[in-house]
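**Student:** Questions regarding the structure given below will be posed in turn.
The values are calculated or read from the model by the stated rules, or taken from the named source; none is laboratory data. Model, not experiment: these values are computed from the prediction. Note that we place each Cβ from the backbone using ideal geometry, even for glycine, and neighbour counts take in every protein chain shown. Just so you know, the surface numbers come from the protein's heavy atoms only, side chains and all, with ligands and any DNA or RNA stripped out. Shrake-Rupley method; radii C 1.70, N 1.55, O 1.52, S 1.80 Å.
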Amino acid sequence: MCNPPTKSKLTVPTTSIPNAAATATPITKSELAKHNTPTSAWCALHSTPRTNPSSTNQSHIVLDITKFASTHPGGDLILLAAGKDASVLFETYHPRGVHPSIVQRLQIGVMEENAFNDSFYDWNSDFYKVLKSRVVQRLEERGLNTRGSGEIWLKAALLLIGFWTCLYYMIISENYPVALAASVGMGSFAAFVGTCIQHDGNHGAFAKNRLVNKFAGWTLDMIGASAFTWEIQHMLGHHPYTNVLDEVEKEKLEKLDDCPIEEKDQESDPDVFSSFPLMRMHPLQKPSWFHKYQHIYAPLLFALMTLAKVFQQDFEVATSKRLYHIDANGRYGSFFNVARFWAMKLITMIYMMGLPIYAHGLFKGMGLFVLGHLVCGELLATMFIVNHVIEGVSYAAKTLPNESAKEKVVKPTTVNGDTPMEKTRQHVAAMENKSKAAAPFVPYNDWAAVQCQTSVNWSPGSWFWNHFSGGLSHQIEHHLFPSICHTNYYHIQDVVESTCQEYGVPYQSQPNLFVAYGKMLSHLKFLGRSKSA
Ligand code: HEM
């Protein structure tokens with residue numbers, strides 16, 4: 001095992017984003033929001049350093065990224081930022097930082113004052129900057145790149161062979177029980193293609209080559225879903241705002257179907273909404289009588305997850321060009337992308353559903369298709385949910401605008417009302433008293449600290465479980481570094497844990513998946529029976 005990196009070696013390579021020039025004509029939020037397609041893509045970035053670190057006011061610059069997208073080293077992922085405040089994506093996808101001259105070259109103006117003033121996050125602490133530099137240093141020490149190495153290529157090849165072999169036998173086998181077993185195999189391999197190939201591909205973490213990343217990401221379409229919809233849900237919603245619920249958005253969603261384009265910047269985790277009202281995943285959601293039993297029916301609903309995505313969510317997002325209030329034009333705003341979406345849906349339906357029906361008849365063929373999906377949905381949902389809906393995890397909220405600015409950010413708390421960050425701070429303070437050293441202060445709503453408060457690991461430091469789960473077992477590392485390939489989380493885990501400890505930021509783990517699963521169910525039971533927060 002390597003020793004944790006020493007402080008003296010550290011450099012803190014921040015991306016110093018040029019300050020917004022006071023003289024430039026300010027760009028309004030609605031103007032920015034109009035440039036939301038691959039053919040006309042602008043995005044906003046917060047400028048650092050801020051004029052007043054204790055203020056919530058932030059100035060933003062505006063970049064035109066339309067042409068740059070074709071040469072951007074992270075590929076066309078950058079187009080997800082089109083029409084939006086891209087500050088969270090920018091800060092979190094570049095562990096080494098981006099040279100300010102590149103940003104300057106793309107700058108076309110500044111945002112109107114305080115355009116994104118009500119943003120949930122605080123970026124004043126150096127916790128995340130220090131963490132990034134230590135993680136990059138660790139990877140360099142071990143001769144690793146942020147992207148995947150031979151391990152992920154080998155795993156990807158085995159999983160793809162497994163998926164296609166099972167699908168082949170599912171179609172051609174004349175013995176129905178064998179075809180059923182092949183369907184279970186196909187569903188299992190599809191789940192692991194999802195967690196171990198597409199996940200890294202779509203996060204830009206699989207390989208250095210942009211095209212390879214794209215193909216890795218498109219394996220999600222290969223198994224019947226849509227990489228474009230996934231990117232909107234996962235990269236624009238779940239990752240930046242894990243377990244966060246924007247109360248303004250909640251009210252809007254309850255009253256309206258849609259909202260003006262300039263208001264489409266929800267700071268809520270769509271995963272919190274996606275199963276409501278069937279399941280209550282956030283203490284701010286209204287409880288219903290049946291939520292008392294959600295821990296019993298949840299495992300059955302998990303199995304339906306991929307069917308719901310493939311047959312409902314993908315089509316809804318592709319046709320409405322939004323997911324809840326997240327604008328999806330960065331992907332579905334292009335004719336080519338929409339055509340690709342429909343073509344892939346058609347092709348996968350032919351080989352995953354049409355051919356089994358052709359070979360086995362309508363009912364048996366459909367049975368094979370549905371069974372494969374149930375297995376895939378159950379595996380995926382299980383590995384995913386235990387990281388964010390579990391004992392000890394925090395929930396955060398952005399409150400309604402009529403409340404005072406001070407209360408705009410509610411401290412992330414658990415369903416019991418505990419604040420893990422407070423507990424960790426007390427522990428650090430006690431250690432400080434002993435060592436007489438001062439621990440740096442990290443705000444509750446620091447972006448990286450929120451990721452640590454809202455995610456829980458299981459089997460941390462285990463090479464096997466890290467591989468098995470596609471890095472989901474190291475969920476904290478994944479959320480902090482989504483552009484780092486999952487095969488590397490095992491190598492950076494101790495660096496992240498020790499830095500959290502040093503800064504008084506919680507780092508929670510469960511010993512293994514089975515314990516985590518049990519705690520997830522008892523947490524769902526508690527949440528289903530507790531009153532609205
Ligand atoms: C908004 C302006 C942006 C600029 C100017 C920019 C620029 C860059 C540059 C210069 C690199 C190479 C960095 C290096 O070699 O270490 C890079 C890499 C990357 N960018 Fe961006 N980027 C932007 C936005 C985004 C966004 C919005 C995303 C994701 C949604 C993104 C995802 C990535 C990824 C995944 C990489 C590869 C990271 C790695 O090699 O570790 N970028 N970007």
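**Student:** Restricting the search to segment 160-198, which residues are more than 23 Å from the chain's Cα centre (by Cα) and either among the β-branched types (Val, Ile, Thr) or closer than 19 Å to Ser473 by Cβ (or both)?
**Tutor:** Residues satisfying the conditions are Ile161, Thr165, Ile171, Ile172, Val178, Val184.
**Student:** Further question: Of the conditions (1) within 18 Å of the chain's Cα centre (by Cα); (2) more than 16 Å from Thr37 (Cα to Cα), Leu77 satisfies every one except a single condition; which number is it?
**Tutor:** (2) is the only condition that Leu77 fails.
**Student:** In the list Thr92, Thr66, Thr71, which residue meets the criterion of being modelled with pLDDT of 85 or more, open to solvent by 50 Å² or more (accessible area, probe 1.4 Å) and within 16 Å of the ligand (Cβ to nearest atom)?
**Tutor:** Thr71
**Student:** Within segment 491-504, is even one residue of a type outside the set (Phe, Trp, Tyr), farther than 19 Å from Gln137 by Cβ, in contact with a Phe, Trp or Tyr (Cβ under 9 Å, 6 or more places away or on another chain) and in contact (Cβ under 8 Å) with a residue 12 or more places away in the chain?
**Tutor:** yes
**Student:** Would you confirm whether any residue within segment 199-214 is away from the ligand (no atom under 15 Å from the Cβ) and either crowded, with 22+ Cβ neighbours inside 10 Å or closer than 26 Å to His238 by Cβ (or both)?
**Tutor:** no
**Student:** Name the single residue that is farthest from the ligand (Cβ to nearest atom) among those in segment 122-140 being in contact with a Pro (Cβ under 8 Å, 6 or more places away or on another chain) and hydrophobic (A, V, I, L, M, F, W, C).
**Tutor:** Residue satisfying both the conditions and the ranking: Phe127.
**Student:** Determine the pairs where a residue that is touching a residue at least 12 places away in the same chain (Cβ under 8 Å), located within segment 413-433, has a partner that is of a type in the set (A, V, I, L, M) and surrounded by 12 or more Cβ atoms within 10 Å (Cβ to Cβ) with Cβ atoms under 6 Å apart, the partner being 6 or more residues away or on another chain.
**Tutor:** Val415/Leu527; Val428/Ala439
**Student:** Still on this structure, I have one more. Need the failing condition index for Arg147 against (1) touching a residue at least 40 places away in the same chain (Cβ under 8 Å); (2) within 30 Å of Leu368 (Cβ to Cβ), just the number.
**Tutor:** The single condition Arg147 does not satisfy is (2).
**Student:** Ok, one more. What number goes with the only condition from (1) touching a residue at least 60 places away in the same chain (Cβ under 8 Å); (2) outside any loop (DSSP other than H, G, I, E, B); (3) of a type outside the set (Val, Ile, Thr) that Glu140 does not pass?
**Tutor:** For Glu140, the failing item is (1).
**Student:** A follow-up question, please. Taking the residues in segment 141-167 that are of a type in the set (Lys, Arg) and within 16 Å of the ligand (Cβ to nearest atom) as candidates, determine which candidate is most open to solvent (accessible area, probe 1.4 Å).
**Tutor:** Filtering first and then ranking leaves Arg142.
**Student:** In the set His491, His474, His467, which member is crowded, with 24+ Cβ neighbours inside 10 Å and under 29 Å from Ala207 (Cβ atoms)?
**Tutor:** His474
**Student:** Of the residues that make up segment 218-227, is at least one open to solvent by 20 Å² or more (accessible area, probe 1.4 Å), touching a residue at least 60 places away in the same chain (Cβ under 8 Å), more than 14 Å from the ligand (Cβ to nearest atom) and assigned to a helix (DSSP H, G or I)?
**Tutor:** Yes - at least one qualifying residue is present in segment 218-227.
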